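The values are calculated or read from the model by the stated rules, or taken from the named source; none is laboratory data. Remember, it's a predicted structure, so these values are computed and weren't measured experimentally. In this analysis, Cβ positions are derived from the backbone assuming ideal geometry, glycine residues included, and neighbour counts consider all displayed protein chains. Keep in mind that these areas ignore ligands, DNA and RNA; they rest on the heavy atoms of the full protein, side chains included. Shrake-Rupley method; radii C 1.70, N 1.55, O 1.52, S 1.80 Å.
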Amino acid sequence: MAGGIFSPLGSCSELEKANCHPLVCLLCHEPYQHPCLLDCYHNFCASCLRGRASDGRLRCPLCGHPSVVRGGTGLPPVDRLLQFLVDSSADGEEDVQCANCDRHCAKAELDTMYFCNTCGQPLCVPCREETHRAKMFARHEIVSLSKRTKDIHKKCPLHEEPYIMFSTEKKSMLCINCFRDMQGESRAHCIDIETAYMQGCQRLDQAVMAVKELQTSTCEAIVLLKAMIEEVHNSASEEEAAINSLFSSMQEQLSERKKTLLKAVQSQHEEKEKAFKEQLAHLASLLPTLQVHLVTCSAFLSSANKAEFLDLGYQLMERLQRIVKLPHRLRPAQTSKINSEYRAEFARCLEPLLMLSPRRSVVGSASGIGPGITITNMLPGGQCSKTLMVPGCPPASNKMSAGPMVRKPTMHRYISTKVLLAEGCETPFTEHCRNYENTYRMLQTEIQGLKDQVQELHRDLTKHHSLIKTEIMSEILQKSLQMDVQIAAHYSAVEMMRSVFEEVWEETYQRVANEQEIYEAQLHDLLQLRQENSCLTTITKQIAPYVRSIAKVKERLEPR
């Protein structure tokens, strides 16, 4: 099939809908035929890539990354690892017949088949139990059919001797003759096959964990970028609405200025949205690669035996490490806020007509109080309160004993905090947010652990009618009371920071809306966390008498 008839996967929706099966080509959507590996670690069939190279370079149809192509074929090298998985998958679909009883096994029964590497023959379950349990077969190596050792991985192709050692320096298996031909210094780097297999598994686990961390960071970055794109839309809509509202009270003299401002907002909107979408497309093209390689690792570990692992495992590890080390733009390069300075522009436009002096701050005299700052904020004596009333964000002057107030949920606070920290502005509030998130996650984890214990005890008591030790209940109750003290202390510490933040909020009103919402949501989350802990304490106290009663009955029955 010619590769030129395919068009690149362009939009993010197409990337999300793309088939991420590790053995299916993303272009022709068929199982791989001679899979080729590009420099960006995307795989495609050789027939799908044929004819796409130009001037010794081939652009990836998925992400557009250029790859250097050497040789007259105009194709990148064949991916041995993926070809191995394709061949292993094909081997699993072939008809298997027991060498002892000639019994044919269906595809659904292949997982129950065994293979004797010593005899080189497949065995069904009855034959393995009846024949190969004898003492004469005690030294035979019997494995599952999927992990059978192929001839190519049994013996050295140069000396026709079985592999016995592995060189950590050359990353290759050695037979006895290869080992004898090595220099003394190189022999120090040789270990047995079993040890090499165990060490290789450990190193592969580390590489997989690094890829999983990158996958988690990529998913968080995608969620953040999507939220920021939404914020760009919302910010643009809010900015346009504010401009239109202010312009409606003016006369024809402001019409030209209005058009100019709307064009500026639209220009910023398009510029920021384009930048975020480009970064989102980059990360969206990275995520399938990470998913495919993680699935590939899982499939490789489940299908490869020790020799196959040592033959291809280090290549897989090096690939995963190189993927992690590639430069990935996970952090937004700019903020999602759109600001056209429309108030200052309108003020300059009105200066020749109304003889107004430009205002430098939002907070003016009592007659010129801006939106979000009401007369009720003025204290007796003409002094202005340090608390700014932001619409939809009431002041948190109530204590923890007060009733719950309507504020942003935890997930919205988490995204808002991520956006605030991603802007890169170092302020006392951003430092407070970092410390708060660490403490809140710790408290939340401990509360969740106590909840799981109480649910398990409650299930054992009501459903299974099993005995519960009183010491466990006392320990849970003690931990719950300690958590209540920690949450109250953390709440008090956060509450004490209010006066410090209010001074900053008075000077920087544009950041107050976001910071106050996050701050109030933090207090709300602590209230909610304490309410959950209170319910947990109540349930524990209700269960405790039953546990003690059952324990007393048990003590009376034990002597009998």
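Assorted remarks:
- Inter-label distance for Glu426 and Asn244, nm, one decimal - labels placed 7 Å from Cα along Cα-to-Cβ: 4.2
- Maximal additional length on extending the Thr538-Met198 stretch stands at 117.4 nm, based on 0.36 nm per residue less the C-alpha distance.
- As a calculated quantity, the FRET efficiency between Arg187 and Ile142 at R0 = 30 Å, using C-beta atoms, amounts to about 0.40.
- When the alpha carbon gyration tensor of the range 20-91 is reduced to an equivalent ellipsoid, the three semi-axes, largest first, read 21, 12, 10 Å.
- From phi via Karplus (6.51, -1.76, 1.60), per-residue ³J(HN,Hα) for the range 322-332 in Hz, x at Gly/Pro: 5, 4, 5, 7, 5, x, 10, 8, 8, 10, x
- Toward the positive end of the charge dipole of the range 211-351, with +1 on the Cβ of Lys and Arg and -1 on the Cβ of Asp and Glu, the farthest Cα among Leu294, Ala281, Ser248 is that of Leu294.
- Relative contact order (%) - the range 470-560, alpha-carbon pairs under 8 angstrom, separation at least six: 57
- Full extension of the chain segment joining Gln315 with Gln528 gains 71.7 nm, where the gain is 0.36 nm per residue of separation less the Cα-Cα distance.
- Amide H contacts under 5 Å for Gln121, placed H, 5+ residues apart: Cys116
- Arg434 - accessible surface, heavy atoms, 1.4 Å probe, Å² rounded to 10: 80
- 14 Å cut-off, amide nitrogen to a point 7 angstrom out along Lys226 Cα→Cβ, residues in the range 413-438: 415
- Rolling a 1.4 Å probe across the protein heavy atoms gives the range 211-351 an accessible surface of 49 Å² per residue.
- Between Met165 and Leu174, the built amide H atoms are under 5 Å apart, and every one of these is 5 or more places off in sequence or on another chain.
- Gain upon complete extension [Arg434, Lys451; 0.36 nm per residue less C-alpha separation]: 3.5 nm
- Net charge dipole size for the range 20-91 [Lys, Arg +1 and Asp, Glu -1 on Cβ; Debye, nearest 20]: 300
- Near Val211, once Lys and Arg are set to +1 and Asp and Glu to -1 for all other residues with Cβ below 14 Å from its Cβ, the sum equals +2.
- Label-to-label distance, Ile176 versus Glu502, with points set 7 angstrom from Cα along the beta-carbon direction: 8.7 nm.
- The figure for Val86 is an accessible area of roughly 30 square angstrom, using a 1.4 Å probe on the protein chains alone.
- Heavy-atom accessible area with a 1.4 Å probe sorts Asp205, Asp311, Asp79, largest first, into Asp205, Asp311, Asp79.
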